[in-house]
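Okay, so here's the structure we're looking at.
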Amino acid sequence: MIIPRLRRHRSRRPAADMPALWRLGAGILALSLLSGCSFIISDPVSRMKAPRLSEDKATLMAAISTLKLIRPNNDDDSSIRTADLNGDGIPETLVFYETLGEAVQIHGLILEKQGDSWVKKLTFDGAGTVLESVEIRDVTGDGKPEIIAGYSKGDEGLQKGLVLYSYSGTSLEEKLTLPYTRYVIDDLNGDGMDDITVVSLKRNESSTLTTYQYNGGFKELDRLENLDPYINNYYNIVVGKVAKGKEGIVLDAAVNSHSAYSYMIVMENNRFRVVLSGDDSTFKDRRISSGDIDGDGILEIGLMERPSGWENIEADAVPWFYSYYKWDGKEGLTFALQQYRDPSDRFTLNFLPAWHGKVTVDMKSVQDRYLKFIMSDTGETVAEISFFSEEEWNRVKGDGWELWGEDADKIIGYRGKLEQNSDGIKKGNTTVPAERKGIN
């Protein structure tokens, strides 16, 4: 099975800085593709949602209308958050705004619902010039959510600052401040209470991973200090199940501007254990983000594999496969899923696990022009992707080609054929939901 998937390029910049959105045909959602195949569209416009505000939204908007609101880089949806921050049953609204040209540029504002109005309760200053992340979660276990905000100065080489605030109704207390490069919030030790795990990198000096949990104050559960400091950055961190009954963290580390490797770390009896240590088994020549790629609830690590027949071709010209592997619970990795991912992140083809090692790319294929995927043993064509001019598209669109989208002056088309084979796969349709993930 091949699951064609059209994606937008991920950006952690505010929405106003995003590249031009793809213009998709109105009929794409209704397309029925080949056997066991479906078309996933991740359209940024369709994902823009109105904030869920109280019924007197107009009153709230009037109270903040003079502010230049900002969204954190980890949230594309809204700059306004409403929650009962102090547990009194009355909702509060939290917004962040900026005042350019001043010594302190980022500020937070908390408003409280009083009758039919929103009343300003307090303002506070943020650290840095970029609002990296905002989360509202109960990480102290008192039944009241805290505000967790990440700030930076906008330089990837500098560490960011994480601040955890607790709002009492009249004052705001900073309960935790930490330097960080990446962080995640999860119940890593499985005790039913969320903890905060922070990776902190000082290039060429130190790299540490620390988990903090609240117990009358935030205390270290464990610290790992022997991570490699001689890297560019950690470009991705994910937390979740890494094997059956095992919660863990995957760190994707950028070695230089292109290549990367991954760590996998589990927590057992409140102590870290490194199960994959960033050696050759997880090295890749491109930055591939780990995650639950196949949707089974277990995290996978991505590696690069050459299609058969391309062994002697220069790396830059190879249409690489991305192969994802799971930890086997011992000392190795087991194969989970293989993809072809467009280098410009415009689409992804997911192949059946049973096809691993059996599908390749025809040697006549050229990236950004024409790609043909074939069975290695028979040469049977199972999928084609082509880039057309408008004139070319008008000539071929009735010849089995499906519209994927437009990029600059090119139209991207897909055509596929899948006959029943020894695995019992035959022509049909499958619907797969759109996917969205984020990192801090």
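Tell me yes or no: at least one residue of segment 360-370 is at pLDDT 85 or above and closer than 26 Å to Gly295 by Cα.
So the first thing to find is which residues in segment 360-370 are at pLDDT 85 or above, and the list is 360-370.
Applying the additional criterion that residues be closer than 26 Å to Gly295 by Cα yields 360-361.
Looking through segment 360-370, at least one residue is at pLDDT 85 or above and closer than 26 Å to Gly295 by Cα.
Of everything in segment 387-403, what is surrounded by fewer than 18 Cβ atoms within 10 Å (Cβ to Cβ) and either touching a Pro at 6+ places or on another chain (Cβ under 6 Å) or charged (D, E, K, R) (or both)? Give them in sequence order.
Listed by number, the residues that qualify are Glu390, Glu391, Glu392, Arg395, Lys397, Asp399.
Of the conditions (1) without any contact (Cβ under 8 Å) to a residue 60 or more places away in the chain; (2) assigned to a loop (DSSP other than H, G, I, E, B), Ser308 fails just one. Which one is it?
Failing condition for Ser308: (1).
Is it the case that some residue within segment 264-283 is crowded, with 21+ Cβ neighbours inside 10 Å, of a type in the set (S, T, N, Q) and more than 21 Å from Ile185 (Cβ to Cβ)?
Within segment 264-283 (the criterion being crowded, with 21+ Cβ neighbours inside 10 Å, of a type in the set (S, T, N, Q) and more than 21 Å from Ile185 (Cβ to Cβ)), the answer is yes, since at least one residue qualifies.
Based on this model, can you work out whether Leu303 counts as open to solvent by less than 30 Å² (accessible area, probe 1.4 Å), within 27 Å of Asp222 (Cβ to Cβ) and hydrophobic (A, V, I, L, M, F, W, C)? It would help to see each step written out before you state the result.
Numbers: open to solvent by less than 30 Å² (accessible area, probe 1.4 Å): yes; within 27 Å of Asp222 (Cβ to Cβ): no; hydrophobic (A, V, I, L, M, F, W, C): yes.
Answer is no for this residue.
Hey, can you tell me all the residues within segment 351-386 that are open to solvent by less than 20 Å² (accessible area, probe 1.4 Å) and of a type in the set (Phe, Trp, Tyr)?
Phe351, Trp355, Phe373
Please specify each residue of segment 191-236 satisfying the condition of being among the aliphatic types (A, V, I, L, M), within 21 Å of Lys144 (Cα to Cα) and assigned to a loop (DSSP other than H, G, I, E, B). Working first, answer last.
Going through segment 191-236, the residues among the aliphatic types (A, V, I, L, M) turn out to be 193, 196, 198-199, 201, 209, 221, 224, 227, 231.
From the residues that got through so far, the ones that are within 21 Å of Lys144 (Cα to Cα) too are 193, 196.
Met193, the sole residue that qualifies.
Restricting to segment 57-78, and then to whatever is modelled with pLDDT of 90 or more and under 30 Å from the mean Cα position of the chain (by Cα), can you tell me which residue is surrounded by the fewest Cβ atoms within 10 Å (Cβ to Cβ)?
Checked segment 57-78; the qualifying residue surrounded by the fewest Cβ atoms within 10 Å (Cβ to Cβ) is Lys68.
Residue pairs, Cβ under 7 Å, 6 or more apart or interchain, first in segment 139-166 and of a type in the set (Phe, Trp, Tyr), second not in a strand (DSSP E or B). List them.
Between residues of segment 139-166 that are of a type in the set (Phe, Trp, Tyr) and residues that are not in a strand (DSSP E or B), the close pairs are Tyr151/Gly126; Tyr151/Ala127; Tyr151/Gly128.
Could you tell me whether any residue of segment 102-110 is closer than 23 Å to Asp142 by Cα, of a type in the set (Asp, Glu) and open to solvent by 30 Å² or more (accessible area, probe 1.4 Å)?
Scanning segment 102-110 turns up no residue that is closer than 23 Å to Asp142 by Cα, of a type in the set (Asp, Glu) and open to solvent by 30 Å² or more (accessible area, probe 1.4 Å).
List the residue pairs whose Cβ atoms are under 7 Å apart, where the first residue sits in segment 72-86 and is more than 22 Å from Gln114 (Cβ to Cβ) and part of a loop (DSSP other than H, G, I, E, B), the second is open to solvent by less than 30 Å² (accessible area, probe 1.4 Å) and among the polar types (S, T, N, Q), and the two are 6 or more positions apart or on different chains.
Going by the 7 Å Cβ cut-off, the qualifying pairs are Pro72/Ser133; Asn73/Ser133; Asn74/Ser133; Asn74/Asn440.
Taking the stated definitions as given, is Leu337 modelled with pLDDT under 90 and outside any loop (DSSP other than H, G, I, E, B)?
Working: modelled with pLDDT under 90: no; outside any loop (DSSP other than H, G, I, E, B): yes.
Against the criterion (modelled with pLDDT under 90 and outside any loop (DSSP other than H, G, I, E, B)), Leu337 does not qualify.
Would you tally the residues in segment 108-166 being of a type in the set (Val, Ile, Thr), outside any loop (DSSP other than H, G, I, E, B) and over 20 Å from the mean Cα position of the chain (by Cα)? Walk me through it before giving the result.
If we filter segment 108-166 for residues that are of a type in the set (Val, Ile, Thr), which is where we start, we get 110, 119, 123, 129-130, 134, 136, 139-140, 147-148, 163.
With outside any loop (DSSP other than H, G, I, E, B) added as a condition, the list becomes 110, 119, 123, 130, 134, 136, 147-148, 163.
Narrowing the set further to residues that are over 20 Å from the mean Cα position of the chain (by Cα) leaves 110, 119, 123, 147, 163.
So the count comes out to 5.
For residues in segment 237-276 being of a type in the set (Lys, Arg) and assigned to a strand (DSSP E or B), which is modelled with the lowest pLDDT? Talk me through it step by step, then tell me what you get.
Kept after step one, since they are of a type in the set (Lys, Arg), are these residues of segment 237-276: 241, 244, 246, 271, 273.
Filter again for assigned to a strand (DSSP E or B), leaving 241, 246, 271, 273.
Details: Lys241: 96, Lys246: 92, Arg271: 96, Arg273: 95.
Ranking the candidates gives Lys246 first.
The values are calculated or read from the model by the stated rules, or taken from the named source; none is laboratory data. What you are looking at is a predicted structure, and each value in this text was computed from that prediction instead of being measured. Every residue, glycine among them, receives a Cβ derived from its backbone with ideal geometry; neighbour counts consider all protein chains shown. With ligands, DNA and RNA removed, areas are computed over all heavy atoms of the protein, side chains included. Shrake-Rupley method; radii C 1.70, N 1.55, O 1.52, S 1.80 Å.
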